[in-house]
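A.B. asks: Can you keep this structure in mind? I'll have questions shortly.
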Amino acid sequence: MTRIRTRIACVLIALAFAIPARAADPPPSQAGQSPGVADNGERAKDAKKEPPAPAGTPADASTPGPPDAGAPAAAVQADDPDLDVNLAQPDFMLSALPTTLRVPRNRLTFRLTHRFNSPLEDSGIGDLWGMDSGALIGFEFRYGVVPGGQVGFYRTSDSTIQLFSQYDVFTQSARMPVGIAAFGSIEGTDNFTDTYSPTIGAVISREIGTRAAIYAHPFWVNNTNPEPSDLVDDNSTTIIGFGLRLRVLSATYFVVEAAPRASGYAPGTTHVSFGIEQRAGGHLFQLTFANNQGTTLANVARGGPSGNNWYLGFNLARKFF
Amino acid sequence: MRPIRLSLVALGLAATLAGAACDEKLSDVAGPTPNLVPTFSSIQQEIFNTTDSSGRLACIGCHTDNGRTPAGGLVLLDGRSYQALVGQASRFKAGAIFVVPGDPNASYLIHKLEGAADIAGSRMPRGTGPFLTSGQMQIIRRWIELGAKND
């Protein structure tokens, strides 16, 4: 297969989810969400609020206007529940594994990742626990295409580009105990010109009130083995990731995730990461400790180097809404 | 359910396409013999019979009984090389078997081609090189690992 056809075929996996079979309805009020909770100036979900007016509906002339009778009636904006803060799931990612948080339609988010190069065992206060040794950096943009559907672009400083998409298939509700999102991605090294590794799978979440969310990530990652499939027994990896985000203070969270390899190519050690994060307005700052530097899914599937190596890192996230 | 089913079908199709399309090229590993694959017939054609683009000499230049005494008593011509190698002992190193199916590390053919420390005589091909590349060796090893079939 020529290189161009190869790239087109690999990109299809990401686009397959960018055009969903239906437009999802806005999710119902999150189970256990405390109404009227306001936190750090952001809107919080209010289970008692009025249903949103349809998009584009003009103000009803019979409705009493605001006290300033001279001002023209403003068009009523549709209220998108995805704009609200989800206290159990404040972000789209744990550390390197996704959550089921929906990106509001036509909204953008940004994330910066750092994994310092020197493991903690080889560093100390003199080099600020690896900060002086440089870092593997990544930046990500994520966009809400349709209600419940998002696409994204992530590039790391080793020139790996990951394109991904996610679609909210089921949202947790009184009748549905978990949220499930279909996930697909494709990453390519050397600025997406070499070594492509697609991923398909699901993100399964269970919110526990407004205090916590737990996750499972059954993912199949293809072409994790750098050798051709003709020369190896396993060319792909199946991981069953799991994670927890626990709100320990009003806007402070503890996060942990791991990605055990259920089958396939499994070098090194299982990816494990834990950290603490603080949410402030539309920002999230997360300090992480991981046993590898991987932030793309193929690297997560390949795990970390053998031995007891832990890397300091941080993630910065910003919602532009 | 239909919209969900359509999404799952799209997922399955995308996975199939992606799985078929995203693999490292064996030809990139095979170096000067881009058509080399881990089958015996390919090894016969690309390694034993052919002087490749790096200048590595074909094995049958010396390992033939056509008009000469085969080097080391080993004939690597088409139709005779498999029987001469698989499960066969070397005449010059006691206990060494040229090809041990399933075990490339124990196969004397690999030792001779890689110039291992324990070989009797010279590394193959004889001379100062060029020798087989690491990629070519990887493919030959894979053939042995898969059972050294006469395929």
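A.B. asks: Return the residues of the range B:83-99 that are under 20 Å from residue B:49 (Cβ atoms), surrounded by 13 or more Cβ atoms within 10 Å (Cβ to Cβ) and either among the β-branched types (Val, Ile, Thr) or out of contact with any strand residue (DSSP E or B) (no Cβ under 9 Å at 6 or more places or on another chain) (or both); say none if nothing qualifies.
C.D. replies: Within the range B:83-99, B:84, B:86, B:99 meet the criteria.
A.B. asks: Could you list, in sequence order, all residues of the range A:202-255 that are assigned to a helix (DSSP H, G or I) and either more than 14 Å from chain B (Cβ to nearest Cβ) or among the aliphatic types (A, V, I, L, M) (or both)?
C.D. replies: Result: A:231, single match.
A.B. asks: Suppose we keep only residues that are of a type in the set (Val, Ile, Thr) and at pLDDT 50 or above within the range A:60-103. Which one would you say is surrounded by the most Cβ atoms within 10 Å (Cβ to Cβ)?
C.D. replies: A:100
A.B. asks: With the requirement that a residue be free of Cβ contacts under 8 Å to residues at least 60 places away in the same chain, among the hydrophobic types (A, V, I, L, M, F, W, C) and at the interface with chain B (Cβ under 10 Å from one of its Cβ atoms), what does the range A:159-201 give you?
C.D. replies: Scanning the range A:159-201 gives A:169, A:170.
A.B. asks: Look at residue B:57 and say whether it is touching a strand residue (DSSP E or B) at 6+ places or on another chain (Cβ under 6 Å) and of a type outside the set (Val, Ile, Thr).
C.D. replies: no
A.B. asks: Applying the selection to the range B:87-107, what residues are under 13 Å from the mean Cα position of the chain (by Cα) and in a strand (DSSP E or B)?
C.D. replies: Correct list: B:99, B:107.
A.B. asks: Within the range A:183-207, track down each residue that is polar (S, T, N, Q) and surrounded by fewer than 19 Cβ atoms within 10 Å (Cβ to Cβ).
C.D. replies: If the condition is that a residue be polar (S, T, N, Q) and surrounded by fewer than 19 Cβ atoms within 10 Å (Cβ to Cβ), then A:189, A:191, A:193, A:195 are the ones that fit.
A.B. asks: Let me ask something else. Mind counting the residues in the range B:111-144 that are touching a residue at least 60 places away in the same chain (Cβ under 8 Å) and either part of a loop (DSSP other than H, G, I, E, B) or not polar (S, T, N, Q) (or both)?
C.D. replies: 14
A.B. asks: OK, next. For residue B:94, only one of the following conditions fails: (1) at pLDDT 95 or above; (2) more than 14 Å from chain A (Cβ to nearest Cβ). What is its number?
C.D. replies: (1)
A.B. asks: Can you tell which of B:128, B:64, B:69 is β-branched (Val, Ile, Thr) and surrounded by 13 or more Cβ atoms within 10 Å (Cβ to Cβ)?
C.D. replies: Answer to the check: B:64.
A.B. asks: Also, quick follow-up: Out of the range A:87-108, which residues are part of a strand (DSSP E or B) and closer than 15 Å to residue A:277 by Cβ?
C.D. replies: Of everything in the range A:87-108, just one residue is part of a strand (DSSP E or B) and closer than 15 Å to residue A:277 by Cβ, namely A:93.
A.B. asks: Still on this structure: If a residue must be within 10 Å of the chain's Cα centre (by Cα) and under 19 Å from residue B:83 (Cβ atoms), how many such residues does the range B:110-151 contain?
C.D. replies: Residues flagged as within 10 Å of the chain's Cα centre (by Cα) and under 19 Å from residue B:83 (Cβ atoms) within the range B:110-151 amount to 5.
A.B. asks: Let me ask you something else. Find all pairs meeting these conditions: Cβ atoms under 6 angstrom apart; at least six residues apart or on different chains; first residue within the range A:95-113 and closer than 21 Å to residue A:178 by Cα and among the hydroxyl-bearing types (Ser, Thr, Tyr); second residue part of a loop (DSSP other than H, G, I, E, B) and at pLDDT 95 or above.
C.D. replies: Between residues of the range A:95-113 that are closer than 21 Å to residue A:178 by Cα and among the hydroxyl-bearing types (Ser, Thr, Tyr) and residues that are part of a loop (DSSP other than H, G, I, E, B) and at pLDDT 95 or above, the close pairs are A:99/A:89; A:99/A:92.
A.B. asks: Would the range A:136-158 turn up any residue that is within 14 Å of chain B (Cβ to nearest Cβ), of a type in the set (Ser, Thr, Tyr), within 24 Å of residue A:224 (Cα to Cα) and surrounded by 22 or more Cβ atoms within 10 Å (Cβ to Cβ)?
C.D. replies: Scanning the range A:136-158 turns up no residue that is within 14 Å of chain B (Cβ to nearest Cβ), of a type in the set (Ser, Thr, Tyr), within 24 Å of residue A:224 (Cα to Cα) and surrounded by 22 or more Cβ atoms within 10 Å (Cβ to Cβ).
A.B. asks: Of all residues in the range B:110-151, which are touching a Leu at 6+ places or on another chain (Cβ under 6 Å) and farther than 21 Å from residue A:229 by Cβ?
C.D. replies: Of everything in the range B:110-151, those that are touching a Leu at 6+ places or on another chain (Cβ under 6 Å) and farther than 21 Å from residue A:229 by Cβ turn out to be B:113, B:124, B:125, B:132.
The values are calculated or read from the model by the stated rules, or taken from the named source; none is laboratory data. Remember, it's a predicted structure, so these values are computed and weren't measured experimentally. With ideal geometry, Cβ positions are generated from the backbone for all residues, glycine too; neighbour counts draw on all protein chains shown.
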